[in-house]
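Step one of this worksheet: look at the structure below.
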């Protein structure tokens, strides 16, 4: 198959590309710059790399029309809650309008193309009931979460109205090699591990009395392959470990392994 991946050299995109190339798929990777090019250095000769920002809607549309993929994974986006408040109009472009652009391009040119949207647990907001599943009500509390949820709804509408083959997945907290470890807004888990192994003070909110569902990147990729091949059109899937990891426990592990100093601080207001 011919598979196009936006955000193709990022954390999830690069690991997914590594796996898909083993099955001799034709892979087109879209990226806005080459800052993370090292992520795909081992497969660079086997993939097609295009420098396209997904907020440049005309270039995005032209790339899809030119490449005529059988499957599109839309993984590009801005994941920082803080930046979504600081620059909300850009967040709309990158996390919502880009999805609409791809759906419109598929509808008008490639109606048989499977569209797989990467979303996030953030769309749920502060759930009052556990465990969370596909039926859990959504109530995002950030601009980022609201735009991701809008993209999910676009997929539902295009599936219902135009019979497009759309599938949505939500990832909990993924971690592993290649993620941005020096920026807490990108991946808190990798950031905390990075700080601990550098001998720096590790800061954690709320005395660590909160938990996350952590999942390793190889498990995410395995799930994405299954969704691509067997996922039901119009459906939403969660990708998670199903296990709670409390941050005070994580802090204890890091302290035991690295002798890191732990400091608990108050969280931001968003």
Legend entry - Checklist (1) over 19 Å from residue 132 (Cα atoms); (2) out of contact with any helix residue (DSSP H, G or I) (no Cβ under 9 Å at 6 or more places or on another chain); (3) in a helix (DSSP H, G or I) applied to residue 223, failing item: (1)
Inset, instruction - Find the residue count for segment 236-252, including only residues that are in a helix (DSSP H, G or I) and surrounded by 14 or more Cβ atoms within 10 Å (Cβ to Cβ). - result: 4
Legend entry - Subset tally (residues that are over 27 Å from residue 110 (Cα atoms) and without any contact (Cβ under 8 Å) to a residue 40 or more places away in the chain) for segment 1-42: 7
Legend entry - Output for segment 98-137, where each listed residue is part of a loop (DSSP other than H, G, I, E, B) and at pLDDT 95 or above: 110, 111, 112, 113
Legend entry - Residue identified as out of contact with any strand residue (DSSP E or B) (no Cβ under 8 Å at 6 or more places or on another chain), surrounded by fewer than 18 Cβ atoms within 10 Å (Cβ to Cβ) and in contact (Cβ under 8 Å) with a residue 12 or more places away in the chain among 82, 48, 68, 59: 82
Legend entry - Conditions (1) modelled with pLDDT under 85; (2) assigned to a loop (DSSP other than H, G, I, E, B): number failed by residue 212: (2)
Inset, instruction - Determine whether segment 215-235 contains at least one residue that is touching a residue at least 40 places away in the same chain (Cβ under 8 Å), closer than 19 Å to residue 188 by Cα and surrounded by fewer than 19 Cβ atoms within 10 Å (Cβ to Cβ). - result: yes
Inset, instruction - With the condition kept exactly as written, say whether any residue in segment 175-184 is modelled with pLDDT of 85 or more, closer than 24 Å to residue 80 by Cβ and buried (at least 16 other Cβ atoms within 10 Å of the Cβ). - result: yes
Inset, instruction - State whether one or more residues within segment 165-175 are out of contact with any helix residue (DSSP H, G or I) (no Cβ under 8 Å at 6 or more places or on another chain) and closer than 26 Å to residue 258 by Cα. - result: no
Inset, instruction - Test residue 263 against the criterion of being at pLDDT below 85 and either farther than 26 Å from residue 127 by Cα or exposed (fewer than 15 other Cβ atoms within 10 Å of the Cβ) (or both), and give yes or no. - result: yes
Legend entry - Condition met for residue 63 (farther than 21 Å from residue 150 by Cβ, in a helix (DSSP H, G or I) and out of contact with any helix residue (DSSP H, G or I) (no Cβ under 8 Å at 6 or more places or on another chain)): yes
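The values are calculated or read from the model by the stated rules, or taken from the named source; none is laboratory data. None of the values given here were measured: they were computed from a predicted structure. Don't worry about glycine lacking a Cβ; one is built from the backbone with ideal geometry, like all the others, and counts go over all protein chains shown.
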